[in-house]
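Single-structure report; data block below.
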Amino acid sequence: MSSPSLRSRRSLSPHPFRKPLAACCGALVLGAPLTACGGASTADPDAEEITVYSADGLKSEKGDGFYDTVFKDFEKKTGIKVHYVESGSGAAVQRLARERANTKADVVVTLPPFIQQADGKGLLDSYRPKGSDQVAAADKDPSGKWTSIVNNYFCFIHHTKELKQAPATWQDLLDPKFKNKLQYSTPGVAGDGTAVLIKALHDFGGKGPALSFLKKLQANNVGPSSSTGQLAPKTDKGELLVANGDVQMNYANMKSMPNQGIFFPAAEPGGRPTTFALPYAAGLVKNAPHSAHAKKFLDYLLSAPVQRQVSAVGGGFTSRKDLKPTDANATALAKIMNGVEIFRPDWNDIDRNLDSYVDAWRTATGS
């Protein structure tokens, strides 16, 4: 597994937590709009522009995030304007599928298992960006359908004032003191919520024991949440003692939300804490209206100068094996990940069986 990597925030001055955005045609939109909702595509194949559909987390509301910097510099360097459409990982793939007959997006950036889902639906074209030879095999598709541009890791967070010592194991989360003080985002809806299920499947050794535990945990769970980002401020305030998240987002929030701590529960007492990578993976959309420009953009994302900005600007981990960032964010993140066992999920299995896993989780938890 390649070294850690995350979503964007300016060095040691991260932007606030992810907030819900207004929905448009089933997707959430930031930045320049693509077209009016429900309207036909007006994409000019000769226009100096591209459209990027992306999972949230890499763009700052303050305008100082990783995407903000990259989009501005790319336009300045090439003259190609980037139109940005933000949504959840699953929503981005759903929108691509709806628009299959009239493709509007050029590049999609989303998390596993949804990037594999996009590939399985035939929504991606093969392209190996320059620099992708320096990306670990586990973080890219062997046929060139997608490549990690920013890595990230699943985590839990705790309220550090009332809960100074983080829970060491999953079993600790069953303590009655967490009743109505614990919440995780919904598997199958939120990417990080799906990650809760994936980690449980790994740590407990299969679907049966994982779902048995999550059924017990439901006694403490506040209930469903479509947004993981909403849980960080609740944890910081002490409304929640424990929630799920991801390392980059929660690390980035720590300046504005100092009462949250990152932890990784072990499967059993004395065991090593575990997590897995949730990379932001980028792919060229099949029948992209601006394919040539999209390839230039993917090359730019994997270029060494931009990959150094993943930590220095974005507060995350580079996808390239040949780069060893030493900025303050990179040093702090390496400390967070020290001693944590990184496992690799069988993404092909999860892609094939995600619906059945989520259905089984709903049945077990009554959600």
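The values are calculated or read from the model by the stated rules, or taken from the named source; none is laboratory data. As the structure is a prediction and not an experimental result, all values here were calculated from the model. Glycine also receives a Cβ, built like all others from the backbone with ideal geometry; neighbour counts cover every protein chain displayed.
Among the residues of region 326-335, write down those that are assigned to a helix (DSSP H, G or I) and either more than 19 Å from the chain's Cα centre (by Cα) or within 28 Å of Asp119 (Cβ to Cβ) (or both). First the steps, then the outcome.
Restricting attention to region 326-335, the residues satisfying the condition of being assigned to a helix (DSSP H, G or I) are 328-335.
Ala328, Thr331, Ala332, Lys335 - these are the residues of region 326-335 that are assigned to a helix (DSSP H, G or I) and either more than 19 Å from the chain's Cα centre (by Cα) or within 28 Å of Asp119 (Cβ to Cβ) (or both).
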Go through Ala252, Ala304, Ala266, Ala282 for me and flag whichever is crowded, with 24+ Cβ neighbours inside 10 Å and modelled with pLDDT of 95 or more. Ala282
Please determine whether any residue of region 144-152 is outside any strand (DSSP E or B), in contact with a helix residue (DSSP H, G or I) (Cβ under 9 Å, 6 or more places away or on another chain) and either surrounded by fewer than 24 Cβ atoms within 10 Å (Cβ to Cβ) or of a type in the set (Lys, Arg) (or both). yes
Would you check if Ala105 is of a type in the set (Gly, Ala, Ser), farther than 23 Å from Ala277 by Cβ and crowded, with 16+ Cβ neighbours inside 10 Å? yes
Would you point out which residue out of Val108, Val70 is at pLDDT 95 or above, within 20 Å of the chain's Cα centre (by Cα) and assigned to a helix (DSSP H, G or I)? Val70
Residues located in region 278-330, provided they are in contact with an Asp or Glu (Cβ under 7 Å, 6 or more places away or on another chain) and closer than 25 Å to Phe156 by Cα: Leu278, Pro279, Ser311, Ala312, Ser319
So in region 336-365, with the set limited to residues that are outside any helix (DSSP H, G or I) and without any contact (Cβ under 8 Å) to a residue 24 or more places away in the chain, which one is nearest to Asp139 (Cα to Cα)? Asp346
